[in-house]
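A.B. asks: Okay, here's the structure, questions in a sec.
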Amino acid sequence: MAGIAVTAARTPVLGHLLGATVVMAALAAFAALNLRPVPRAAPEASFAAAPAPRLRAVLTVQVLLIAVITLAMAFAEGAASDWLPLLMTTDHGAPEAVGSLVFTGFALAMFVGRTAGTPLVARFGRAPVVRVCAAVGTVGVLLVVVSPSPVLTAAAAGVWGLGIALGFPLAISAAGDHPTDGDRRVSVVATAGYIAFLAGPPALGFLGEHLGLQAAMLVPAALLVVALLAAPATRNRTTLDVREPPVGAPAPSAD
């Protein structure tokens, strides 16, 4: 909201960025000075004695599918963070402050989705929630693409944010849901997500320059459809075989 007010007041960009830098540096310093170690329970003896898994053993089909989900959700979030305000001002002719306000609505929808996520996951399970999130997110992105008016685009942005809100954290949770190598699985999946955060916005900018931003938004929509299809990989570990063979390894014999 502070950014919207600064934009509406037509504050110079340099002053805006310097002010934001000072505020964020102060918050980071406060957080760093107040970090406290979190006590961790000792691992079970059987798990503590197990050797560290090789990377190849971590790259199972399930982990790769979860990484795809993480990439799709992070790509969709990064697309909105970097291009949604500009899409409002260039494709819909909205004032800059309105573009910022639409993104605020997107972020608020994500906050609501993540706040409401815990009871939904507890009741329906992780995989069904991921599937619904991917479907809702896809609908939101497509509505942004075909929207004929700024008002409908603003509403669609809220649907977009609500849909992808739980995708990234649930994918990370699914990756870590393993008794021995959850940390390494999380590192693989998180890497896919941050690759999407870094590479996604520039790629969309390139496409937007040649095809228009609305057409470029079809890319995150397509990735969310892929995430919907991969959603069963996030099912709870009670239904998983933790001895799943790595990619390319033969399945254990039934004999």
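The values are calculated or read from the model by the stated rules, or taken from the named source; none is laboratory data. This one's a predicted model, so the numbers in the text were calculated from it and none came from an experiment. Cβ placement follows ideal geometry from the backbone for every residue including glycine, while neighbour counts extend to all protein chains displayed.
A.B. asks: For Leu143, are the conditions met, namely being in a helix (DSSP H, G or I) and surrounded by fewer than 20 Cβ atoms within 10 Å (Cβ to Cβ)? Before the answer, list the steps.
C.D. replies: Details: in a helix (DSSP H, G or I): yes; surrounded by fewer than 20 Cβ atoms within 10 Å (Cβ to Cβ): yes.
Answer is yes for this residue.
A.B. asks: Regarding the range 123-134, can at least one residue be identified that is at positive phi and at pLDDT below 95? So that I can check it myself, show each step before the final result.
C.D. replies: Within the range 123-134, the subset at positive phi is 125.
Okay, now just the ones that are also at pLDDT below 95, so 125.
The answer is yes, given that some residue of the range 123-134 is at positive phi and at pLDDT below 95.
A.B. asks: Mind checking which pairs have a first residue in the range 174-188 that is assigned to a loop (DSSP other than H, G, I, E, B) and a second that is crowded, with 21+ Cβ neighbours inside 10 Å and among the basic types (Lys, Arg), Cβ under 9 Å, 6 or more apart or different chains?
C.D. replies: Listed by first residue and then by second, the contacts come to Asp177/Arg126; Asp177/Arg185; His178/Arg185.
A.B. asks: Filter the range 175-221 down to residues that are of a type in the set (Val, Ile, Thr) and closer than 17 Å to Glu77 by Cβ and give me whichever is surrounded by the fewest Cβ atoms within 10 Å (Cβ to Cβ).
C.D. replies: Quick first cut of the range 175-221, residues of a type in the set (Val, Ile, Thr) only: 180, 186, 188-189, 191, 195, 219.
Next cut, closer than 17 Å to Glu77 by Cβ only: 189, 191, 195, 219.
On the way: Val189: 25, Thr191: 13, Ile195: 15, Val219: 17.
Out of the qualifying residues, it is Thr191.
A.B. asks: Further question: Got a number for residues in the range 196-223 being outside any helix (DSSP H, G or I) and more than 16 Å from Val139 (Cβ to Cβ)? Break it down stepwise before answering.
C.D. replies: Step one: of the range 196-223, the residues outside any helix (DSSP H, G or I) are 212, 217.
Of the ones still in play, those that are also more than 16 Å from Val139 (Cβ to Cβ) are 212.
Adding up the residues that qualify gives 1.
A.B. asks: Here's a follow-up. Can you name the helices (runs of 4 or more DSSP H) wholly within the range 4-83 that have at least 2 residues being modelled with pLDDT of 90 or more and out of contact with any strand residue (DSSP E or B) (no Cβ under 9 Å at 6 or more places or on another chain)? Full working, then the answer.
C.D. replies: Details: elements: 13-33, 45-48, 55-58.
The qualifying helices (runs of 4 or more DSSP H) are 13-33.
A.B. asks: Spot the failing condition for Gly93; the list is (1) at negative phi; (2) touching a residue at least 40 places away in the same chain (Cβ under 8 Å), and only one is missed.
C.D. replies: For Gly93, the failing item is (1).
A.B. asks: Given (1) closer than 29 Å to Val63 by Cα; (2) touching a Pro at 6+ places or on another chain (Cβ under 7 Å), identify the lone condition not met by Gly99.
C.D. replies: For Gly99, the failing item is (1).
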